[in-house]
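Participant: To start, I am sharing the structure in question, which I have written as structure tokens.
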There are 2 protein chains.
Amino acid sequence: MGTKSKIISRTDPVIYSESFSPLSESNLKFFKDNGYLIFENLFSRDEINSLLGELKKLTLNESKKKSPQFILEETGKEVRSIFDIHKISEMYGRLCKDKRISNIVRQILGSEVYIHQSRVNLKPGFDGKEFYWHSDFETWHSEDGMPNMRAISCSISLTPNYEFNGPLMVIPGSHKKFVSCSGKTPENHYRQSLKRQEIGTPDKTILENMVNDGGIVSAKGDEGTAIFFDCNIMHGSNGNISPYPRSNAFFVFNSVKNKLVEPFCGLNPRPEYIASRNFQSVEPIENFLKDSK
Amino acid sequence: MGTKSKIISRTDPVIYSESFSPLSESNLKFFKDNGYLIFENLFSRDEINSLLGELKKLTLNESKKKSPQFILEETGKEVRSIFDIHKISEMYGRLCKDKRISNIVRQILGSEVYIHQSRVNLKPGFDGKEFYWHSDFETWHSEDGMPNMRAISCSISLTPNYEFNGPLMVIPGSHKKFVSCSGKTPENHYRQSLKRQEIGTPDKTILENMVNDGGIVSAKGDEGTAIFFDCNIMHGSNGNISPYPRSNAFFVFNSVKNKLVEPFCGLNPRPEYIASRNFQSVEPIENFLKDSK
């Protein structure tokens with residue numbers, strides 16, 4: 001755990017657009033104040049089943065599992081995450097363009113957007129590991145050279161999220177502060193940190209204060225529920241001893257006005273599949289299953 | 001994880017008494033079917049504050065922390081549990097006699113009862129570890145020589161239990177099956193298993209079936225909430241990365257008609273503070289703070 005975190009107020013906007021569509025004024029105000037928005041059943045069960053079927057094919061492919069985009073559990077057997085899922089799978093490539101996602105993100109960020117990172121997370125039942133509190137922006141700024149807080153993550157539940165199976169937890173309002181964690185980033189830190197975050201984590205006192213102010217909200221709900229959250233919100237998840245697996249598709253959209261520069265930590269950039277430098281705009285489509293554009 | 005668990009139907013009764021007081025007929029039916037009962041706010045906030053104050057004194061006592069009754073987190077610093085709390089603390093000694101607890105247990109077990117084990121658990125915020133699924137009776141039978149399923153645990157929350165801080169989870173109805181776990185019990189297994197259960201855990205398939213049948217219930221609620229649960233119910237808890245600590249007082253009441261014999265695993269009995277062979281009956285008192293008897 002870091003012991004010398006610094007905390008400063010956010011200077012970047014949270015909402016970059018003045019348009020009220022597709023999100024309403026109250027949606028936007030909620031996102032501005034809390035740093036996240038949850039939409040239950042944004043995708044239908046049939047749509048989720050298609051996405052799961054696609055995933056099953058991929059995880060059964062033993063040769064693909066050897067590629068660096070496939071992150072295995074510490075046991076070395078089960079797939080924990082697949083990065084670059086929007087490139088590895090055509091279906092997931094269309095999913096991130098689906099208007100139900102892309103237009104919300106474009107509205108909040110007030111510009112065209114591109115995919116900074118994509119992945120699916122497959123948190124197995126019984127021994128899913130915890131993921132400690134962190135702000136993504138801290139890493140994306142330092143290790144990837146993302147200049148400003150103008151990126152949004154969208155996580156789509158592929159399995160029901162219960163209180164029992166380690167759902168994503170966010171601290172509402174925490175996106176309005178920036179916590180700079182202590183400790184020099186070691187070379188190739190990402191290889192370890194994708195499995196378990198151990199260094200550069202925020203101070204307990206800072207987290208306690210944030211939770212005193214904003215509480216904790218967990219993204220529970222049926223499969224098909226989507227949560228959009230600001231790049232700087234403090235989030236994490238507990239482990240999962242329940243038999244219920246927890247899978248989600250995860251896309252990070254960055255504004256094309258916020259393209260990556262050289263990493264601010266002075267190290268080499270992380271691989272393309274973790275922090276893309278392909279800044280091609282996402283072109284919205286009506287529906288990822290019906291529209292094959 | 002065990003790979004050769006066996007599952008058999010329970011032959012012992014769950015409810016040993018035909019009296020309907022203090023528990024109602026519907027309370028008893030619920031316990032019989034589900035294996036647990038939760039009473040919110042069984043103890044007042046003032047009462048809980050007294051119990052916490054007593055605990056704080058104990059955990060600050062560095063010389064006491066060296067005694068075997070004090071179990072420390074793997075870090076070696078924070079106190080995870082204090083065993084024999086009813087002997088170490090006069091207040092906790094009276095707590096287990098309080099009629100709100102003792103008479104419920106005496107009713108279900110249909111006899112006088114004694115304390116088989118007592119402890120307080122102090123699950124700290126931020127890095128509280130998980131505790132994998134287990135039935136207590138499996139261990140108490142094998143390692144302690146408890147002949148039959150005629151014991152009940154009572155856990156009293158000393159802190160609020162949220163979905164975020166790793167509350168006790170039970171699988172309703174799982175007390176009606178007995179799962180015998182594979183693996184020979186090593187000598188002095190308890191020293192490790194008090195920290196983290198790694199061997200002799202039930203098969204995933206058995207757990208999946210149990211959860212399919214009964215679901216999972218977590219004991220959430222304000223401080224002062226009490227859960228009574230059968231010695232054979234499958235239970236566990238997730239880790240806790242939230243800042244919220246989770247503390248509880250935990251008493252195992254065994255029927256005086258179910259006194260320990262030689263351990264069935266063939267090893268030496270575990271220490272007195274883990275499995276008592278002092279079979280003195282618990283004499284109910286009105287109130288643990290007001291009645292100093």
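Participant: Quick one: what pairs do we get from segment B:142-166, first residue within 14 Å of chain A (Cβ to nearest Cβ) and farther than 30 Å from A:VAL170 by Cβ, second part of a loop (DSSP other than H, G, I, E, B) and at pLDDT 95 or above, C-beta under 8 Å, 6+ apart or different chains?
Facilitator: none
Participant: Taking segment A:82-132 as the search range and keeping residues that are of a type in the set (Val, Ile, Thr) and within 14 Å of the chain's Cα centre (by Cα), which one is farthest from A:ALA275 (Cα to Cα)?
Facilitator: Out of the qualifying residues, it is A:ILE101.
Participant: Name the one entry in B:GLU163, B:GLU198, B:GLU187 that is open to solvent by 30 Å² or more (accessible area, probe 1.4 Å), outside any strand (DSSP E or B) and modelled with pLDDT of 90 or more.
Facilitator: Matching residue, one of B:GLU163, B:GLU198, B:GLU187: B:GLU163.
Participant: Which residues, taken from segment B:1-33, are loosely packed, with under 12 Cβ neighbours inside 10 Å and within 14 Å of chain A (Cβ to nearest Cβ)?
Facilitator: B:THR3
Participant: How many of the residues making up segment A:207-222 are open to solvent by less than 20 Å² (accessible area, probe 1.4 Å) and either of a type in the set (S, T, N, Q) or more than 10 Å from chain B (Cβ to nearest Cβ) (or both)?
Facilitator: Residues flagged as open to solvent by less than 20 Å² (accessible area, probe 1.4 Å) and either of a type in the set (S, T, N, Q) or more than 10 Å from chain B (Cβ to nearest Cβ) (or both) within segment A:207-222 amount to 3.
Participant: Please enumerate the residues belonging to segment A:118-133 that are in contact with a helix residue (DSSP H, G or I) (Cβ under 9 Å, 6 or more places away or on another chain) and either farther than 24 Å from A:PRO269 by Cα or open to solvent by 10 Å² or more (accessible area, probe 1.4 Å) (or both).
Facilitator: Once the filter is applied, which keeps residues that are in contact with a helix residue (DSSP H, G or I) (Cβ under 9 Å, 6 or more places away or on another chain) and either farther than 24 Å from A:PRO269 by Cα or open to solvent by 10 Å² or more (accessible area, probe 1.4 Å) (or both), segment A:118-133 yields A:ARG119, A:LEU122, A:GLY125, A:PHE126.
Participant: With the requirement that a residue be outside any strand (DSSP E or B) and over 10 Å from B:LEU109 (Cα atoms), what does segment B:239-257 give you?
Facilitator: B:GLY239, B:ILE241, B:SER242, B:PRO243, B:TYR244, B:PRO245, listed by residue number.
Participant: Ok, one more. What is the number of the single condition among (1) open to solvent by 20 Å² or more (accessible area, probe 1.4 Å); (2) at pLDDT 95 or above; (3) farther than 22 Å from A:ALA249 by Cα that A:ASP203 does not meet?
Facilitator: In the conditions (1) open to solvent by 20 Å² or more (accessible area, probe 1.4 Å); (2) at pLDDT 95 or above; (3) farther than 22 Å from A:ALA249 by Cα, A:ASP203 misses (2) alone.
Participant: Looking only at segment B:237-266, filter to residues that are of a type in the set (A, V, I, L, M, F, W, C), in contact with an Asp or Glu (Cβ under 6 Å, 6 or more places away or on another chain) and away from chain A (no Cβ under 14 Å); which one of those is surrounded by the most Cβ atoms within 10 Å (Cβ to Cβ)?
Facilitator: B:LEU260
Participant: May I pose another question? Evaluate the following for A:PHE178: is it within 14 Å of another protein chain (Cβ to nearest Cβ) and within 26 Å of A:LYS204 (Cα to Cα)?
Facilitator: Considered against the rule, which asks whether it is within 14 Å of another protein chain (Cβ to nearest Cβ) and within 26 Å of A:LYS204 (Cα to Cα), A:PHE178 comes out as no.
Participant: Quick one: what pairs do we get from segment B:207-233, first residue more than 24 Å from B:PRO13 (Cα to Cα) and part of a strand (DSSP E or B), second open to solvent by less than 20 Å² (accessible area, probe 1.4 Å) and of a type in the set (Gly, Ala, Ser), C-beta under 7 Å, 6+ apart or different chains?
Facilitator: B:GLY221/B:SER157
Participant: In segment A:34-45, is there at least one residue being without any contact (Cβ under 8 Å) to a residue 24 or more places away in the chain, part of a helix (DSSP H, G or I) and surrounded by 12 or more Cβ atoms within 10 Å (Cβ to Cβ)?
Facilitator: So far as segment A:34-45 goes, no, none of its residues is without any contact (Cβ under 8 Å) to a residue 24 or more places away in the chain, part of a helix (DSSP H, G or I) and surrounded by 12 or more Cβ atoms within 10 Å (Cβ to Cβ).
Participant: Could you please find all residues in segment B:46-74 being of a type in the set (S, T, N, Q), free of Cβ contacts under 8 Å to residues at least 12 places away in the same chain and in a loop (DSSP other than H, G, I, E, B)?
Facilitator: B:ASN61, B:SER63, B:SER67 - these are the residues of segment B:46-74 that are of a type in the set (S, T, N, Q), free of Cβ contacts under 8 Å to residues at least 12 places away in the same chain and in a loop (DSSP other than H, G, I, E, B).
Participant: Being closer than 22 Å to A:ILE156 by Cβ and of a type in the set (Ser, Thr, Tyr) is the filter here; which residues of segment A:24-74 pass it?
Facilitator: If the condition is that a residue be closer than 22 Å to A:ILE156 by Cβ and of a type in the set (Ser, Thr, Tyr), then A:SER24, A:TYR36, A:SER44, A:SER50, A:THR59 are the ones that fit.
The values are calculated or read from the model by the stated rules, or taken from the named source; none is laboratory data. Quick caveat, the model's predicted, so the values are computed rather than measured. Positions of Cβ are generated from backbone atoms using ideal geometry, with glycine treated the same way; all protein chains shown enter the neighbour counts. Calculation scope for accessible area: heavy atoms of the full protein, side chains included, ligands and nucleic acids excluded. Shrake-Rupley method; radii C 1.70, N 1.55, O 1.52, S 1.80 Å.
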